[in-house]
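Quick note: the coordinates plus some simple rules give every number you see, no bench work behind them. Keep in mind that this is a model prediction, so the values were computed, not measured. Cβ placement follows ideal geometry from the backbone for every residue including glycine, while neighbour counts extend to all protein chains displayed.
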Amino acid sequence: MKIHEYQGKQIFARHGISIPVGVPCFSVKEVEQAAERLIQETGTQVVVVKAQIHAGGRGKGGGVKVIKDGPVAARATAEKLLGMQLVTHQTAPEGQKVRRLFVEQGLDIARELYVGMVVDRERRRIAVMASTEGGVEIEQVAAETPEKILTEHVDPVLGLSPYQARKLAFGLRVGEGSPKPKETVAQTVGLLLKLAKLFEQEDCSLCEVNPLVITRAGDVVALDAKINFDDNAAERHPEWKELMDTDEEDPVELEAKAAGLSYVSLHGDIGCLVNGAGLAMATMDIIQFAGGAPANFLDVGGGATKEQVTKAFKMILSSPKVRGIFVNIFGGIMKCDVIAEGVIAATRELALKVPLVVRLEGTNVERGKQLLSESGLAIQPADTMLDGARKIVAATRQAG
């Protein structure tokens, strides 16, 4: 689950991490009022208006504007940003609509750094990454100058140790050029330790500050906040419901979640309906192997009903890019005849016009195959996964 920058900064503030003063806004009028308030309260003559979408690269995409001419200029900027389709390297080609803005005090910045935390699944630990190349996408830094990325791994029992935080701070040379080098180092160490605790306590899968800035006064401030939560921990965090912006989520994925299905949209044209996450991953791989591209990940689970199967078909077909569907079911807890009934019901109800290939194996498989063959519908049976993948790839190419 992703959240907006301003929401991430609210979490930062709760954990004692230094952030600029800022105000989330939902209208042009609110932006003007927020700019006026910040100028009065902070004494700064510079404010920054930031588009709030669930994607990085907003600055390069034109979604971050520095305002030096007061509240009226901030209002004019807001009129341009609100409602625009903001395109960045992390959005789809059509971009994402800007519905929220964040107005923040301007800072006198001396240096920009990068700090990020992710789960390193190979090491089974949280990895803390830091770089002197703040304001640049970390993927670009990794590709062009990987030696500029410093990494420390967090012990799951001890947490991030102070010596590790100091090692990163000295590696970033945060004291260089600061009017108060010892204090700047201490602030950096403190911020890193707080971020590590935040990552664990808030059940994050990603926590990124890009840039982390050092002001000309030598203070360390989180100028940005990007937080993703681990959905598996949702039951521990009822407050997450308040943070979710449904306008930023895929509507089909939200519908699937409500129906108890696991669905992720992809960029291919072959819809996949599978039971079990491992089989779903293998199905996507074998479609790629056969020369096709999956349009989705869809795991209907081990105990799906006929109604859920019908719902799954509707979700797959809600995407206009889908030119064929591959149903790949291994019947264990889920019986193949139940799946067959769901497939037949969905095909009839939706007047299915795209090719459909079905591969069934497991409990009641013969009964399931019998139901499909007696349905009178244009359903291609498949004996194996590879056979099914080849058939659906050939059918979609012929249909296209």
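Data table
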{"item": "Scaled radius of gyration (Cα, divided by 2.2 N^0.38 Å) that the chain gives", "result": "1.19"}
{"item": "Total charge dipole magnitude, the chain, about the Cα centre, Cβ charges on Lys, Arg, Asp, Glu only, Debye to nearest 20", "result": "320 debye"}
{"item": "Dipole of the chain [Lys/Arg +1, Asp/Glu -1 at C-beta], most positive-end residue of Ile17, Val322, Gly83", "result": "Gly83"}
{"item": "Inter-centroid distance (Cα atoms) of region 139-178 relative to region 53-78, Å", "result": "30 Å"}
{"item": "Which of Met117, Met281, Met1 has the fewest Cβ neighbours within 10 Å, and the rest in rising order", "result": "Met281, Met1, Met117"}
{"item": "Percentage, to the nearest whole number, of Cα pairs in region 250-399 over 21 Å apart", "result": "34 percent"}
{"item": "C-alpha center-to-center spacing [region 356-399, region 79-117] in angstrom", "result": "47 Å"}
{"item": "Cβ-placed point charges (K, R +1; D, E -1), dipole of region 21-106 about Cα centre in debye, nearest 20", "result": "240 debye"}
{"item": "The chain - percent relative contact order, Cα under 8 Å, separation 6 or more", "result": "12 percent"}
{"item": "Given Lys9/Lys197; Lys97/Lys321; Lys314/Lys335; Lys97/Lys226; Lys321/Lys391; Lys50/Lys321, the pairs whose alpha carbons are separated by over 24 Å", "result": "Lys50/Lys321"}
{"item": "Alpha-carbon radius of gyration plus Dmax, which is the widest Cα pair, for region 21-106 in Å", "result": "12.3, 40"}
{"item": "Residues Val213, Val220, sorted so that the one with the fewest Cβ neighbours within 10 Å comes first", "result": "Val213, Val220"}
{"item": "Packing-based exposure ordering (other Cβ within 10 Å, fewest first) of His153, His4", "result": "His153, His4"}
{"item": "Rule-of-thumb Rg ratio for region 114-193 [Cα; 2.2 N^0.38 Å; N residues]", "result": "1.12"}
